[in-house]
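Quick note: the coordinates plus some simple rules give every number you see, no bench work behind them. Predicted, not measured: the structure shown is a model, and the values here were computed from it.
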Amino acid sequence: MDLWREIVGWAGSALLIISILQPTISRLRWLNLGASSLLMAYNLMLGSAPMVALNITLIAINCWYLFVVARAARAKTANATALSEESDRHARR
């Protein structure tokens, strides 16, 4: 059990460092989400309630911002499609 706990802790720490080095915010958020999940599991195994609460908060923040980015991308695509359809209608006249 101790070996697996340490593997989860080191993997979470490594992924956290890798996430901070990302050039794009969306990639940082995805990797940080994974790191926070691993570190939450590690801290659950250790019984560290404050660190579990911190990682749950980080998971929620990353999920929220990934949702916002995805929603904005869908809206941008929808607007581009609507503009394209509008242009097509005017071109056919």
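Structure values in brief
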read-out: Cα gyration tensor category, rounded, prolate or oblate, for segment 1-70 with a/c compared to 1.5; value: oblate
read-out: Chain lengthening between Glu6 and Phe67 when straightened (0.36 nm per residue, less Cα-Cα); value: 18.8 nm
